[in-house]
Structure formats: C-alpha cells, structure tokens
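The values are calculated or read from the model by the stated rules, or taken from the named source; none is laboratory data. Keep in mind it's a predicted model, so treat the numbers as computed, not measured. Methodologically, a virtual Cβ is constructed for each residue, glycine included, from the backbone with ideal geometry; neighbour enumeration extends over all protein chains shown.
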Amino acid sequence: GQQLNQSPQSMFIQEGEDVSMNCTSSSIFNTWLWYKQEPGEGPVLLIALYKAGELTSNGRLTAQFGITRKDSFLNISASIPSDVGIYFCAGLEIQGAQKLVFGQGTRLTINP
Amino acid sequence: DSGVTQTPKHLITATGQRVTLRCSPRSGDLSVYWYQQSLDQGLQFLIQYYNGEERAKGNILERFSAQQFPDLHSELNLSSLELGDSALYFCASTGTGDTEAFFGQGTRLTVV
C-alpha cells in the first residue's frame, strides 16, 4: 500500500525551539490530518485540513495543506517537554475506495 | 477519550494460536479502519469496513481477517500466529464524510 513520505524521521531539539516537519505524496489528497502518538497510546488528532492552501492553527501548532494537494507541513513553536512523541501525517485518498494513508512518523525528542 | 473502544488492551498468546481483537467505533461512525504498528514503526493499514462491507484492503495477511457487524463494531481475527505478528493493533473510526479519523487505545499483542 502507498505510504506518505514524512520527514524528518527524528528530531532532537532544545526546549523552546521551533519544529517543522512535512509530508509529501505522489497522490492527491482531499484531506490532510496530523496526529500525535505517545508511548503505548493511540494516535490523537491534532489538526485536520480540508482545502488546498488552508493554514490552520491549534495553539502552538500550525499546519498547512499544500497548494498541489500533495503535501502538508506541521510547525510547532516554542517547544515544551510535553511535545515529545511521534507525529504522523495522514492523507485521505480521493481515488477509488477512500482510505487513510499514513506517513512513517517523526519522532520528536526534547532536551530540557 | 476518543470514543473508540478497543478490547482487550493486552493479549499474550502462543505461536500457532488464534485471537480476536474487538473495536467499537464512535457512536454514529460507519467506517472502521484497522492498523498494525510494529515496534518503532509506522502505522500499516490493514483493512477498512464501511457500514458492514469491506471497503479497502491494505497489507493484510491471508491469516488475518476482519468483519463489521450490524451494530457497527468490528473484529479483527488473527490466526496461525507467528512471533512477527507481535505488535500494537489500532482501530480508527470516521463519520459519514470519512474525515477526522479517531483512534482507539490499541491492543498490544505479544506472541510467545
């Protein structure tokens, strides 16, 4: 099955730094979703994007739906220790049977 | 709380055995997705059901099967278990628009 290309795979940053991660695909999506997963837990939805070019914020998180519908990015500003986790992007395919496709995740580690 | 319930939370079984994982979607959600997550890996899409019918299939082994019942809960059956089947299994549900998938807490399967 198709997998989104998510980068970077891991990040090691200092508390207070800004973070940026992105996802790209060869397919067009009509919805992009960003999730955060903490150890042993299920992914939790952070932000949902529905329109090309859309820029949406949720507190210190900002995500954008790329104009081409083939990419999205997530920014976290002024990182804090509780931001630690794995962040996944997901795209909803519009061709054929709809299904969510996930990126491989970005593991975020923060040094206090 | 996402509203998606998975049982059991943990399962330990021997190779060659068969297990059933259960998922109750959020109230009113018609679509259920199943994902497998091996240690430190991304989310691998297994299968999707919509209102009782199989809608999309991903990297699901022939030893695995699933179904969605009239009350919309879903079960994932894993048979002839192998050590490599040890993983977290998540289900997610979406509403009519098939957007904003919400995940359960997962079932951690350990095959010994």
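The table below lists the values:
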item	result
Qualifying residues in the stretch A:1-23 (those that are surrounded by 17 or more Cβ atoms within 10 Å (Cβ to Cβ) and either within 14 Å of chain B (Cβ to nearest Cβ) or within 12 Å of the chain's Cα centre (by Cα) (or both)) - the one farthest from residue B:95 (Cα to Cα)	A:19
Residues of the stretch B:5-63 satisfying the condition of being among the basic types (Lys, Arg) and in contact (Cβ under 8 Å) with a residue 24 or more places away in the chain	B:9, B:18, B:22, B:26, B:55
Residue among A:108, A:61 that is in contact with a helix residue (DSSP H, G or I) (Cβ under 7 Å, 6 or more places away or on another chain), surrounded by 15 or more Cβ atoms within 10 Å (Cβ to Cβ) and at pLDDT 95 or above	A:108
Restricting the stretch B:40-72 to residues that are within 11 Å of chain A (Cβ to nearest Cβ) and outside any strand (DSSP E or B), the residue that is nearest to residue B:89 (Cα to Cα)	B:43
Enumeration of residues in the stretch B:1-34 that are assigned to a loop (DSSP other than H, G, I, E, B), surrounded by 11 or more Cβ atoms within 10 Å (Cβ to Cβ) and not hydroxyl-bearing (Ser, Thr, Tyr)	B:3, B:4, B:8, B:9, B:17, B:18, B:25, B:26, B:29, B:30
Criterion (touching a Leu at 6+ places or on another chain (Cβ under 9 Å), among the aliphatic types (A, V, I, L, M) and closer than 17 Å to residue B:35 by Cα) met by exactly one of A:49, A:55, A:45, A:61	A:45
Residue within the stretch B:63-81 that is under 19 Å from residue A:86 (Cβ atoms) and over 12 Å from the mean Cα position of the chain (by Cα) present	no
Residue check for residue B:99: assigned to a loop (DSSP other than H, G, I, E, B), of a type in the set (Val, Ile, Thr), over 15 Å from the mean Cα position of the chain (by Cα) and within 11 Å of chain A (Cβ to nearest Cβ)	yes
The stretch B:73-91 - residue that is assigned to a strand (DSSP E or B) and touching a Gly at 6+ places or on another chain (Cβ under 7 Å) and, of those, farthest from residue B:26 (Cα to Cα)	B:88
